1. Take B:I116 and decide whether it is open to solvent by 50 Å² or more (accessible area, probe 1.4 Å), aliphatic (A, V, I, L, M) and over 24 Å from B:Y31 (Cα atoms).
2. Out of curiosity, is A:R224 under 20 Å from A:I144 (Cβ atoms), assigned to a helix (DSSP H, G or I) and without any contact (Cβ under 8 Å) to a residue 60 or more places away in the chain?
3. Within the range A:138-146, is there a residue that is at the interface with chain B (Cβ under 9 Å from one of its Cβ atoms), modelled with pLDDT under 95 and farther than 20 Å from A:G113 by Cα?
4. Looking at A:V91, is it in contact with a strand residue (DSSP E or B) (Cβ under 8 Å, 6 or more places away or on another chain) and either of a type outside the set (A, V, I, L, M) or at pLDDT 95 or above (or both)?
5. I'm told A:S208 meets every condition in (1) at the interface with chain B (Cβ under 7 Å from one of its Cβ atoms); (2) farther than 15 Å from B:A228 by Cβ; (3) in contact with a helix residue (DSSP H, G or I) (Cβ under 7 Å, 6 or more places away or on another chain) except one. Can you identify the failing condition by its number?
6. Could you tell me which residue of the range A:147-157 is surrounded by the fewest Cβ atoms within 10 Å (Cβ to Cβ), considering only residues that are out of contact with any Ser or Thr (no Cβ under 6 Å at 6 or more places or on another chain) and over 19 Å from A:I112 (Cα atoms)?
7. Please name all residue pairs, on different chains or six or more residues apart, with Cβ atoms under 9 Å, provided the first residue is in the range A:176-187 and is closer than 13 Å to A:S147 by Cβ and the second residue is assigned to a helix (DSSP H, G or I) and β-branched (V, I, T).
8. With (1) in contact (Cβ under 8 Å) with a residue 24 or more places away in the chain; (2) among the β-branched types (V, I, T); (3) open to solvent by 30 Å² or more (accessible area, probe 1.4 Å); (4) over 19 Å from B:T2 (Cα atoms) as the list, and B:V81 as the residue in question, which single condition is left unmet?
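The values are calculated or read from the model by the stated rules, or taken from the named source; none is laboratory data. Note that the coordinates shown come from a computational prediction; the quantities given were computed from them, not determined experimentally. Cβ placement follows ideal geometry from the backbone for every residue including glycine, while neighbour counts extend to all protein chains displayed. For accessibility, only protein heavy atoms count, side chains too; no ligands or nucleic acids. Shrake-Rupley method; radii C 1.70, N 1.55, O 1.52, S 1.80 Å.
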Protein chains: 2
Amino acid sequence: MTYCVAIAVDAGMVFCSDSRTNAGIDQVSTYGKMYRFGVDGQRQFVILTAGNLATTQATIAQVKRDIKERANTSLLTVETVSEAADYLGDVSLAQQEKHAKTGNSFEASFIIGGQIANSKHRIMLVYPQGNHITSSKDTPYLQIGESKYGKPILDRILTPDLNLDTCALCALVSMDSTMRSNLSVGPPIETLVYRTDTLVLNDPLRFSEDSEFLRELKRSWDQRLKDAFRQMPPFAWASSWDKSSDERNEAY
Amino acid sequence: MTYCVAIAVDAGMVFCSDSRTNAGIDQVSTYGKMYRFGVDGQRQFVILTAGNLATTQATIAQVKRDIKERANTSLLTVETVSEAADYLGDVSLAQQEKHAKTGNSFEASFIIGGQIANSKHRIMLVYPQGNHITSSKDTPYLQIGESKYGKPILDRILTPDLNLDTCALCALVSMDSTMRSNLSVGPPIETLVYRTDTLVLNDPLRFSEDSEFLRELKRSWDQRLKDAFRQMPPFAWASSWDKSSDERNEAY
């Protein structure tokens, strides 16, 4: 499985992905899932991948080929991030259909985020069916892969006016919760921060299994969550409860 | 959808369930999912249900009928909680098979927990296929339904030596995280606490949509989580990161 999250706020975008790939529990490998494409000062794109590894690898290979061979449509030619998502969806679908006659499903999902000079930075989620959605002010993030464990913290913390360091920290805490509860998501964790209108992509930070930062983040969040829980009003306080239900009690 | 969780620790058991049922987003109803069966001083069982509502209702009806008609096997006759889970699995499978010829799936899952005099209290998860698992010292809880959002807090907090009030609070926080992130799980929330060797079941606490306790718990946990997050070491600390990865950077 996989967990990838992208966050878009006024100040920029944050991308975060794990690197575990598995086909069954005993065939586990490490593959990065973050790809960067761009021309400094003109356009920058980040793609995160989830789903069938053959499909995602073939899709990324085609995206690269289209750039190299100056195809009519490529990440070089699209005029908006939404168009880029359309293009990515088409490439993904074409790759899936190549093998569809076997009757199996080779679905893959993508997040593509980026900025083209003189337009707004955006993030898009490309579904296996090729269509896409974007984020909103109320939901300034998108997830692919094993998304449920890490969703509550995103829902609580993220707002469009947050600074990028806080967003990156939130993405990593979300990733930590996911790794804690799901074996199929694991390090190295890659995190990339893009600042609005810079039109330059830095290298992603890469946190390996024994990264001191990742370990400290894990320990620190675990401790703070436990402290937070300990400070909760005691359950005994529930004596101000509504009323108990009696209907489904079967005494015999 | 549904979310139910049961916790078994040395001091006893906690059961917690929501009451939302939906078939599509515009067909939402309220059904309790917690059922109690017992003879005071002799044996007590609690059943939580998830999945196809027709199957769970038919299964519970059969369980009641078997008790009433003094069937050869019923919750009155089983000698262990594990046997009770076997019996429940058989009843559930029989109900599913009645309608299987339509080609549709009517799967349901159950948690059954209880204690029979002179034996240990146990909780069991009964799969749609009729087989079951129990909890362990390392994982002293079981979940059915929409389980992922509320799993991280259970993983972090629960240990076999916790007191029952703390377990109940943890179950409610887990329920709160689930309701926050998933529309198909909702109040009233029923919570039942069983104390080891009492062999008596109290009425469950029932927290309705406008329960002051539930609202306070939600507000309080939200605030504490945000505070905990704010106290985290800043992301800038990550400047002690390992190293950045460069391989997948495509500049063109």
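1. Spelling it out, it is not the case that B:I116 is open to solvent by 50 Å² or more (accessible area, probe 1.4 Å), aliphatic (A, V, I, L, M) and over 24 Å from B:Y31 (Cα atoms).
2. Details: under 20 Å from A:I144 (Cβ atoms): no; assigned to a helix (DSSP H, G or I): yes; without any contact (Cβ under 8 Å) to a residue 60 or more places away in the chain: yes.
When the stated conditions are applied, A:R224 does not pass them.
3. Let us first name the residues in the range A:138-146 that are at the interface with chain B (Cβ under 9 Å from one of its Cβ atoms), namely A:146.
Checking the rest, the ones that are also modelled with pLDDT under 95 come to A:146.
Narrowing the set further to residues that are farther than 20 Å from A:G113 by Cα leaves none.
Scanning the range A:138-146 turns up no residue that is at the interface with chain B (Cβ under 9 Å from one of its Cβ atoms), modelled with pLDDT under 95 and farther than 20 Å from A:G113 by Cα.
4. Values: in contact with a strand residue (DSSP E or B) (Cβ under 8 Å, 6 or more places away or on another chain): no; either of a type outside the set (A, V, I, L, M) or at pLDDT 95 or above (or both): yes.
In short, no.
5. Of everything listed in (1) at the interface with chain B (Cβ under 7 Å from one of its Cβ atoms); (2) farther than 15 Å from B:A228 by Cβ; (3) in contact with a helix residue (DSSP H, G or I) (Cβ under 7 Å, 6 or more places away or on another chain), A:S208 misses just condition (3).
6. Within the range A:147-157, the first condition is being out of contact with any Ser or Thr (no Cβ under 6 Å at 6 or more places or on another chain), and the residues that meet it are A:147-148, A:156-157.
From the residues that got through so far, the ones that are over 19 Å from A:I112 (Cα atoms) too are A:148, A:156-157.
On the way: A:K148: 22, A:R156: 17, A:I157: 21.
Among them, the one singled out is A:R156.
7. Once the first residue is closer than 13 Å to A:S147 by Cβ and sits in the range A:176-187, its partners that are assigned to a helix (DSSP H, G or I) and β-branched (V, I, T) give A:S177/A:I153; A:V185/A:T178.
8. (3)
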